[in-house]
Amino acid sequence: MVSGMGRIALLVVLGCCCTLDAVSAQPLPDLTETASAWQPVEPTPKVEMAEGGERLRFRCNFAETTEPRVSWDRAVALDLSGALGMVFTSQCDDPMPVSRFSFYLHTASGWYSAGFAPEGTGGKPERMFIPRMAMRTEGAPGGWRRIDRIRISAWRGSDKDTTFLLSDFAVIPATPGVAVLQAQRSVSAEPGEARTVLETARRVASYLEANGIPHAPLSDVDMAEAMPAGHRLIIVPYCPSMDERTEAALLRFIADGGKVITFYAIPPKLARALGMTRGRHMQSGPGARFASIRPAADGGVMGLPDEVRQHSWNIIAMEPVADKARVAAWWHDGTGRATGEAAVLVSGTGAHMTHILLDDDRENQARLLLAMVGALYPEAWPMAARHAVSALDTLAQALASPPPATATVDARVAAGDYPGALRAAGAIRQSMLEAYYRRQRPEAGEFRGFWCHSPFGVEGMTWDEAVRLLAENGFTALFPNMAWGGVAYYESDVLPVAPEVAERGDQLAECLAACKKYGIELHYWKVCWNMTGHAPKAFRERMKKTGRTQVRFDGGEEANWLCPCREDNRALETAAMLEVAERYDVDGLHFDYIRYPDEDASFSEACRQGFEARLGHSVSPWPAAMREDPKLRRAWGDFRRDQITRVVAGVHKAVKERHLKVKVSAAVFITWPTHRDTVGQDWKAWCDAGYLDFVCPMDYTERTGQFDTWIRQQQAWAGEVPVYPGIGLGLWTGRDPMLTFIEQVKRTRQRHTGGFMVFNYGVREARSVVPWCGAGLLRDTVDTAHGAR
């Protein structure tokens, strides 16, 4: 069952204008013929057939166990190398006891996994689509040709039992033609790049979907074995460590007449096959050297946008080989001057962009990709034009808007002016969206906070400009990330001061001045324990040398995290918070990363000494005994939670004793029953004890039904403490994030949360979301003079 905004999201994923049921699915009836073929993973109950047959009933026995999830496995023999994804029907009468559902595919020594969730409050059958592009890798899966097991998991959200039904499993085949490479081998070679590789591939796929270009996911594992038939163009969104087999497969593809689009880092042989030579790595540096992309006067590529505002932090230069390739677009700096560095190159065998494709100017970045694809795969242009017309009708239905007048668009399509047709359709679409944004109504008195991950604010804006924009559009609070473990972006006597402060000034003072000017609350955001990528090297080395960093279960070092079991580390975090509250007139202190990295940390000597002192006896073998002895495991869980809680309690106590007029809050993981054990974040206990004035669960999902379920669970755990759900706007890949943002804000109002938080205040949000909030959704607090309340 798909309706409203859910239908919009689904059509974007499928890259076509049709409902899910109209897609040519390949049914898998054997998956629901026999309940006993689904094997429970102990202590999970057995699967049963539901009344009437053809539907499987799965019971979640959360009241009987303490396990974080229940799971069921089904042996299969599936070749999904040519699939876009899988679909099935799900029905859950009461999804509240479940924090999330997971769908897994096993092959070789690993899994592909993705989440799914009901859109409503339960009780109705819903069609779930699991796109391959959305699936993460766990372990070392062996490609999509030999899937040997399906696993379904339901994760604990409460200690209440519930059931759900599954039926009508099917495979959605991909349309051959354009393939998007999933660089699994590159992820294995460079695990630290896994997230960027996955997100970049998803982003490129989402741009193709927004343009109505059908595409097929293509695993480098499968491609090295045999290239699927029917592809004429392969897009390589980001492959930081391309192995020889992948490169050889791409070279054979080019030799056989195929075309390839690549981004950023590619091997020299592949560059030569594209008619280009690879240059040096170049940093953007001061002045935003790589701030926008503009067409070359003689580039000869149809449909390139006049400007793509992409702020890239570096590039790998590329030069065309004479008579084999040409520069289609150039980089320009923050002042608009040409840099002389190629941004996009095109040849007879492919195209290349000298950085990855980002998402800070989505509409134009999607159009840039379309121009690159269209130069090599001409069918893309009429596909995109037809899609643009039909998408207008679909959007009008979803927004309850009048049918759009598309005569101008139709005439340009008929004339073969596809870029002109898309521009005309884009203008109509934007007009429809703007009218919808203006129809939204505000809710007075709600808390409207924005996290800003950069201590320097929004790139290209001063703090004054960035804060004024928030105030003029109805936001009430800003949470700037001004400190990490071991570094402050303001004048501090507690933490090492970042060198940028000497160059760019005290960022907290500048942000605070703007917030006071425009009537916005400032809540100081502190990342606790985690020193990764921010703390000075000398500080990190000193922490490691003096035994103040974490140790993992296997004895390895977690050298970038301070250990909460040490009193001096807890004192450091507490002092950093209180210093700000006493020196700066902030409105709040906001904890982040107030946890361990995972359940395998920390097992340092300080942790051992503290735990044994609490027990009154030694523990041996250390640390294996905590996993082997259930009684010790429970005691260990309490001990590690207490080390984190002591910091939250200490800050709360000091704020009260010193009569500091600040609110204490925390950004927390979604599922308290699970995360109190895995990362030691016992935030329900903090709410029960009154340590927090409000709590901000990071409910970062585009699925509004899942978002709603999480809110209801979290309100029950928080009790009387306000829950301001975190909306993950900056992490979404959809074409129209404002639509999903509106739906999720409405859910917070339906649940009477009293407010919400948004992640993250960056360039894209400042350009395309914040200005429209003041048009309707958050209009009630806007003052026509300067936006202050």
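The table that follows gives values for the structure above.
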{"item": "Bridge type composition, the chain - antiparallel percent by DSSP, nearest 5", "result": "65"}
{"item": "Paramagnetic label zone (point 7 Å from Cα along Cα-to-C-beta, GLU42; backbone N under 12 Å) in segment 608-646", "result": "none"}
{"item": "Unit charges on C-beta of K, R, D, E only; dipole of the chain, Debye", "result": "280"}
{"item": "Neighbourhood charge, 13 Å Cβ-Cβ cut-off, centred on LYS160 and excluding it, Lys, Arg +1 and Asp, Glu -1", "result": "-2"}
{"item": "Residue-averaged 222 nm ellipticity for the chain, from DSSP H runs of 4+ at -39500 (n - 2.57), nearest 500", "result": "-10500 deg cm²/dmol"}
{"item": "Mean Cβ count within 10 Å, highest first, over the residues of peptides 251-264, 392-405", "result": "251-264, 392-405"}
{"item": "Axial C-alpha extent at least 18 Å, average Kyte-Doolittle at least -1.0 - helices from the chain (DSSP)", "result": "194-210, 362-376, 380-399, 418-439, 567-583, 630-657, 704-718, 737-750"}
{"item": "Percentage relative contact order, the chain, counting C-alpha pairs under 8 Å, at least six apart", "result": "11"}
{"item": "Selection from THR66, LEU105, GLY82 lying farthest towards where the dipole of segment 35-141 points positive, charges on Cβ", "result": "GLY82"}
{"item": "Whole-percent carbon and sulfur share, accessible surface of the chain, 1.4 Å", "result": "50"}
{"item": "Potential lengthening between SER241 and ASP93 on full extension [0.36 nm per residue; Cα-Cα distance subtracted]", "result": "48.7 nm"}
{"item": "Inter-label distance for ASP298 and HIS281, nm, one decimal - labels placed 7 Å from Cα along Cα-to-Cβ", "result": "3.4"}
{"item": "Ranked by how many other beta carbons lie within 10 Å on average, peptides 740-752, 373-385 from highest", "result": "373-385, 740-752"}
{"item": "Value of relative contact order over segment 81-148, rounded to a whole percent, pairs C-alpha under 8 Å and six or more apart", "result": "43"}
{"item": "Label-zone membership for segment 69-111, site HIS752, 7 angstrom Cα→C-beta point, backbone N under 14 Å", "result": "none"}
{"item": "Whole-Å distance, taken between Cα centres, linking segment 141-172 and segment 548-568", "result": "36"}
{"item": "Label assignment, Cα extents along the principal axes in Å derived from the structure, set (i) 92, 66, 48; (ii) 79, 66, 54; (iii) 100, 60, 47", "result": "(ii)"}
{"item": "Neighbourhood net charge (15 Å Cβ-Cβ; Lys/Arg +1, Asp/Glu -1) for ALA654", "result": "+4"}
{"item": "Under 16 Å from the Cα of LYS631 - aspartates and glutamates, other chains or at least 8 residues apart", "result": "GLU67, GLU612, ASP677"}
{"item": "Relative contact order (%) - segment 639-789, alpha-carbon pairs under 8 angstrom, separation at least six", "result": "18"}
{"item": "Listed pairs LYS269/LYS324; LYS516/LYS656; LYS663/LYS684; LYS259/LYS324; LYS517/LYS746; LYS663/LYS746 exceeding 19 Å between Cα atoms", "result": "LYS516/LYS656; LYS517/LYS746; LYS663/LYS746"}
{"item": "Packing-based ranking, highest mean first, of 621-633, 324-336 given that Cβ atoms within 10 Å are counted", "result": "324-336, 621-633"}
{"item": "Lys/Arg +1, Asp/Glu -1 at C-beta; the chain dipole; positive extreme among TYR490, GLY275, GLN397", "result": "GLY275"}
{"item": "Sites ALA414 and GLU500 - FRET efficiency at Förster radius 60 Å, r taken between beta-carbons, to 0.05", "result": "0.60"}
{"item": "Per residue accessible area of segment 195-325, 1.4 Å probe, in Å²", "result": "41"}
{"item": "In sequence order, calculated HN-Hα J values of segment 145-152 (Karplus, 6.51, -1.76, 1.60; Hz; x Gly/Pro)", "result": "6, 10, 6, 10, 7, 10, 10, 10"}
{"item": "Restricting segment 38-100 to GluC sites (Glu not before Pro) in coil, as DSSP defines it, with at most 10 other Cβ within 10 Å", "result": "GLU51"}
{"item": "Around MET49: net Lys/Arg minus Asp/Glu count, Cβ-Cβ under 13 Å", "result": "0"}
{"item": "Modelled FRET efficiency - R0 51 Å, SER24 with GLU628, Cβ distances, 0.05 increments", "result": "0.45"}
{"item": "Among GLN750, GLY680, ALA649 the positive-end extreme of the charge dipole of segment 639-789 (Cβ point charges)", "result": "ALA649"}
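The values are calculated or read from the model by the stated rules, or taken from the named source; none is laboratory data. If you're wondering where the values come from, they're calculated on a predicted model, not measured in any experiment. Cβ sites come from the backbone with ideal geometry, for glycine too, and all protein chains shown count toward neighbours. When the accessible area is computed, the model is the full protein with side chains, heavy atoms only, and any ligands, DNA or RNA have been set aside. Shrake-Rupley method; radii C 1.70, N 1.55, O 1.52, S 1.80 Å.
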